[in-house]
Amino acid sequence: MTLLLPTFMVEKVKANPNISVSAERAVLMDAESGRVLYEKNAYDPTLIASTTKIMTAIIAIESGMLEEKVKVSKRAVYTEGSSIYLTEKEKIPLKDLVYGLMLRSGNDSAVAIAEHVGGSVEGFVQMMNEKAAWLGMNNSHFENPHGLDGETHYSSAYDLGLLMAYSMKNDTFREVTGSEMYRSENREYSWKNKNKMLTQYYEPTNGGKTGFTKAAGRTLVTSAQKDGMELIAVTLNAPDDWNDHTRMFEWGFDNFETVKLQSEGTVEVNGQSLYIPRDIYYPLTLSEKDDLQATFYRYEQEGDSNLAGVTYFMVGKTPVVEAPVWNERPSQSFFSEVKNFLNRMMGVAPWST
């Protein structure tokens, strides 16, 4: 895998003293690279309320079952908290349940999804924790699909940022979370998105999920795209979350720009043709752009290895990206094998039996 994917190694950027947020915990992250632009207690595990449903939604979407009809159980109907008012034995497409989950934060929808996709709520929770581990959400643990408070149900602002950045790479998830309204074929009325960053307050917003319980306070995850950059903002226990997110986004867009560090293709190095396997984009401040430099280190060739060396991109003396360089472009069959492997790892293609 190191032959395909770059490694991002940047040190944390110090928070601009002009930024203040009401949130107890917060993070602003670049969606493409994962670079943390701003943080406040971002790695502390805590209650996260209905932002949990981002995980529920992406697992449901990746299951490949969206067109299947779900038979709603009594357990789902009587789940406490916010609801899309499902009825027992109602049959409704899983796709509609995902919209009801993300737009209206239906806890009944979360349980119905979990029972259908995971076989049971408990089976689905195991899937959630496996996915969290795979994504590197090291300060997270799930015990339910909806986010009602639990002793072993928690995450961090940083982990939720990772989850949202990952989920936004899925076109169906982007469509769902970016929708202002949705009409289920089982309903005579439309569901309106509760995320006011999307519907009212901040035009570049293209997705997110709200949450609230008395113990967790107001929780919010949003994404926004502007001038070729997509940012993820997370606030946990934030009395003024709409303004928190607007301030963080504006600061991020004003102070950083996405820079293309390298382009995929063949390059000449000291008279030899080498192959760069992918484009790499990274957010930098103006001063960091001035201090950016790249150094290529060639490896001694061993056997039939295609790895020629590695390029280190530095800002001053700080390494930010380590990118592999190959001797030659691999065959198309190799690319297909790697793509299939990644799809299986992300749950969007079945393992062959």
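The values are calculated or read from the model by the stated rules, or taken from the named source; none is laboratory data. Remember, it's a predicted structure, so these values are computed and weren't measured experimentally. Don't worry about glycine lacking a Cβ; one is built from the backbone with ideal geometry, like all the others, and counts go over all protein chains shown. Areas reflect the complete protein model, heavy atoms only, side chains present, ligands, DNA and RNA absent. Shrake-Rupley method; radii C 1.70, N 1.55, O 1.52, S 1.80 Å.
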- Any chance you could give the angle, 0 to 90 degrees and rounded to 10, that helix 332-345 forms with the longest Cα principal axis of the chain? 40
- When only DSSP loop residues count, what GluC sites (Glu not before Pro) in the stretch 34-80 have their Cβ near at most 11 other Cβ atoms within 10 Å? Glu67, Glu80
- Value of relative contact order over the stretch 21-169, rounded to a whole percent, pairs C-alpha under 8 Å and six or more apart: 29
- Shape call, the stretch 75-211: gyration tensor on alpha carbons, a/c limit 1.5: oblate
- Message: One quarter of the convex hull surface, Cα atoms only: what value does that give for the stretch 161-240 in nm²?
- Response: 6.5
- In Å, descending, principal axis extents of the Cα set of the stretch 199-297: 65, 25, 24
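Is there a quick way to get the dipole size of the stretch 94-187? I mean about its Cα centre, with the Cβ of Lys and Arg at +1 and of Asp and Glu at -1; what is the value in debye to the nearest 20?
My answer is approximately 340 debye.
Would you please put 143-151, 20-28 in order of how densely packed they are, using the mean number of other Cβ atoms within 10 angstrom per residue and starting with the highest? Mind showing how you got there, number by number?
Values: 143-151: 20.2, 20-28: 22.2.
Final packing ranking: 20-28, 143-151.
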- Mind scanning Lys209/Lys260; Lys89/Lys169; Lys169/Lys226 and naming the pairs with a C-alpha gap bigger than 26 Å? Lys209/Lys260; Lys89/Lys169
- Item | Label assignment, mean projected area of the Cα convex hull in nm² derived from the structure, set [x] 19.7; [y] 32.7; [z] 21.8 | [x]
- Query: Projected onto the charge dipole of the stretch 104-226 (+1 at Lys/Arg Cβ, -1 at Asp/Glu Cβ, origin at the Cα centre), which of Asn193, Ser156, Pro145 gives the Cα projection farthest towards the positive end?
  - Reply: Asn193
- Query: To the nearest 500 deg cm²/dmol, what mean residue ellipticity at 222 nm is calculated for the chain from DSSP H runs of n ≥ 4 alone, each contributing -39,500 (n - 2.57), summed and divided by the residues?
  - Reply: -9000 deg cm²/dmol
- Geometric extent, Cα atoms of the stretch 245-327 - Rg, Dmax (angstrom): 15.8, 53
- Task: Taking only Cα atoms and a 10 Å spring cutoff, compute GNM fluctuations for the chain and point out the largest among Val269, Val315, Val72.
- Result: Val269
- Note on the structure: Toy charge model, Lys and Arg Cβ at +1, Asp and Glu Cβ at -1: the chain dipole around Cα centroid in debye, rounded to 20, equals 840
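In percent, how large is the relative contact order of the chain, given Cα pairs closer than 8 Å and 6 or more residues apart? Don't jump to the answer; show the numbers that get you there.
On the way: 753 pairs, mean separation 68.2, N = 353.
Reported as a whole number, the value is 19 percent.
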- Query: When the chain is modelled as a GNM with alpha-carbon springs shorter than 10 Å, which of Ile58, Ile19, Ile48 fluctuates the most?
  - Reply: Ile19
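Could you look at the chain and say what percent of its accessible area is carbon and sulfur, using a 1.4 Å probe and all protein chains?
47
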- Query: Plugging the Kirkwood radius over Cα pairs into Stokes-Einstein for the stretch 286-332, at a temperature of 4 °C and a viscosity of 1.567 mPa s, what D comes out in µm²/s?
  - Reply: 107
- Task: Keeping all protein chains in place, calculate the accessible area per residue for the chain (probe 1.4 angstrom), answer in Å².
- Result: 47
